[in-house]
Amino acid sequence: MNDFLNALSRRRVLKGVLNGTAVTLGLPLLNVFLNGNGNALADGKPLPVRFGTWGWGLGMSKSIFVPKTFGAHWELPEEIESLKNVQQHINLYTNFNGFRDAAPNLCHTTGWMILRTGAAPLNGNDRPGETIDVTVAKKIGTATRFSNLTMSATGDPRDTQSYESANSINNSEGSPLNLYTTIFGPDFQDPNAKEFKPNPKIMVRQSVISSVLDDTKTLASKVGAEDKQRLDQYFTGLRELERQFDMQLTKPEPRAACTAPKALRDDIKTGVDVDVVRQRHEIMTNLLVMALACDQTRVFNMLYSKSFASTTKVGYEKPHHTASHEEPIDEKLGYQPMVSWFLRRAFENWAYFVDAFAKVKEGDGHLIDNVIIYGSTDQSFAKIHSIDGLPMFSAGRAGGKMKTGLHVDGQGTTGCRLGYTMMKTLGLDIPHWGNQSNQTSKEIGEILA
C-alpha cells in the first residue's frame, strides 16, 4: 500500500482510456500529497500565496454602500447586497483617503494611481513609481511561466492599471479566446502529465535569445549613455523571455487542482453592454483561476471596467460615466438610481470573481485561502470626482496571515495603508510605501491574523 501511495504522490494523475484515446485526470490535493497538517506540500514546501488586483470604475453611492457598523458581522447595504455569499471571504475598507498634495486632481486617474502606486500623478502623462502588482511580481512572480497576467473585461487592451513606468505599460488581454491560447495553448506544459516533452519551438527561441544575450556586454560597451539605457531596457525584456523559456523547458511540479479547460472556439462579441462585459469577465475569471491552480502565474490583474466606466445598458441612452455626471440625485432615494444600477452590476461581478477562488479546493482549504486580492476604484463620488473616502476591498487569507469578514474604518488616513499591509504580508522588505501625505509605514493591524 505504501508503494502505491508513494507512486501516486509522484504523478498525481489517474490514467485511462476514453473512446480508444488515452486520457489523464488530475487528482485533488489528497492528504498523501501534504504534510501532517494539510497546510503544506509533503516535501515541506508551503502552498504558494498569490497576489492580484481587481478594479472597477466610478466608486460608490455612499448612502447605500457604506455599512453602518465596523468590525465583524456588518450588514450589507443594498448597493452591495450581492456580496452576501462571499462576505466571509472579503474585507471592506471605507473612510480612507487619497491625498494629492500639490498635484492636480486628474479626473478618474489620480485616485486609482494613488492606491496602486502610492503617489499622485503630476500630469496626464505622469506614471509615478510602479504599480503594486509589478512590485509584488518581483518578489513572488519569478518562479512561474508568467510573472504577471493582466486582463480587462472591457475587451480593450488599452484599459489597464498596471505599468512599470510611463514608457512601459502592461497592456491587458481583452479577449477570452486569446487569453485561453496564451495560457493553455500549444506552449502550455501540463504539470500533471506523466511524460514531459519540451516544445522544439521553445528550444529554438531560447537558443536564438541566448545567442543575442551573449553579445550584450560587447554592444553596450560601444554606445553612448543614452543608447546604453535603451539597450538595458531592451535586454531586460529579453532576459525575462529567456527566463520564461527556461521554465518551459523544465518539467513543472505537479499541481493536483490543475485541469486544463476545454478549448474555446469562439470569442465574446465586442462591446461594453453590461451583459457582454459580464460574459467576458466570467470566462476570463475561470481561465485565471485555473491558471493559478496550474501554477502558471502568481500575480494577476483583472479590470472589470475602466476608471471612467463606459458600460452601457440596453434601452438606456447614456453610458455609466455620462450618467454619473448628468443624472440628478433622486430626492426621495438620496442617490442616483441609474448610476447605482451600473455599480450593482460591478459588485455582482466582484462577487463572482471572489466566489470562483472560493470554489477551488487546495490543500486543507480552498484557493481563496492562499491569495490576496486588492479591489480598488478611481473615485468615491464620481459626480464631483471626489477622492476622499475611497472605497476598497480585499479578498483572501494570504495563507492564514489575514483575517476576513471585516469592515474597516480608515479614520481619514491614506488608502495606501492597505497596499503597504499586503506587501508586508507577502514578505516584501519595505520600511514604508508611498510619498508625501500618502507615505505610510502603518499596517492595518485589525486584518492581520
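Each reported figure results from applying straightforward, stated rules to the coordinates on display, with no laboratory input. Everything numeric in this text was worked out from a predicted model, so none of it was measured. Backbone-built Cβ (ideal geometry, glycine too); neighbour counts: all protein chains shown.
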Original post:
In debye, nearest 20: dipole of the range 54-190 around its Cα centre with unit charges on the Cβ of K, R (+) and D, E (-)?
Top reply: 320
Original post:
What relative contact order, as a whole-number percentage, does the range 294-449 give when Cα pairs under 8 Å and 6 or more residues apart are counted?
Top reply: 14
**OP:** Name the long-range amide H neighbours of Trp54: under 5 Å, sequence gap of 5 or more, or other chain; modelled H, no Pro or chain starts.
**Re:** Met302, Tyr374, Gly375, Ser376
Original post:
Among Leu122, Thr150, Val136, which residue has its Cα positioned farthest towards the positive end of the charge dipole of the range 104-164, with +1 placed on the Cβ of Lys and Arg, -1 on the Cβ of Asp and Glu, and the dipole taken about the Cα centre?
Top reply: Val136
**OP:** Just subtract the alpha-carbon distance of Phe70 and Thr259 from 0.36 nm times their residue separation and send over the number in nm, one decimal.
**Re:** 64.0 nm
Original post:
By average Cβ neighbour count within 10 Å, what is the ranking of 112-125, 48-61 from highest down?
Top reply: 48-61, 112-125
